[in-house]
1. Regarding G20, is this residue at pLDDT 95 or above and not aromatic (F, W, Y)?
2. Could you list all residues from the range 1-16 that are open to solvent by less than 100 Å² (accessible area, probe 1.4 Å) and either part of a loop (DSSP other than H, G, I, E, B) or over 21 Å from G27 (Cβ atoms) (or both)?
3. Among A48, A33, which is at pLDDT 95 or above and either open to solvent by less than 100 Å² (accessible area, probe 1.4 Å) or not basic (K, R) (or both)?
Amino acid sequence: MTTFSKWSEVRADVVAAAGGEEAVSEGRKRNQAYIDGHRLAERRKAAACPEPTSPT
């Protein structure tokens, strides 16, 4: 059977490898900004009215 480590047991090593708490915090902010931008683009795309077609 496979056993997995708890996040609380490995978090300190992961944070240290990433460059510390400040680096993790900056990465989280950068990731959230990307997500927010993507969501905003989706909302703008959904709200856009299609251009009227000209009769031919």
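The values are calculated or read from the model by the stated rules, or taken from the named source; none is laboratory data. Here the structure is a predicted model, which means the values were calculated and not measured. Ideal geometry is used to build each Cβ from the backbone, glycine not excepted, and the neighbour counts take in all protein chains shown. Heads up: the accessible areas ignore ligands, DNA and RNA and are worked out on the full protein's heavy atoms, side chains in. Shrake-Rupley method; radii C 1.70, N 1.55, O 1.52, S 1.80 Å.
1. yes
2. T2, S5
3. Within the list A48, A33, the selection yields A33.
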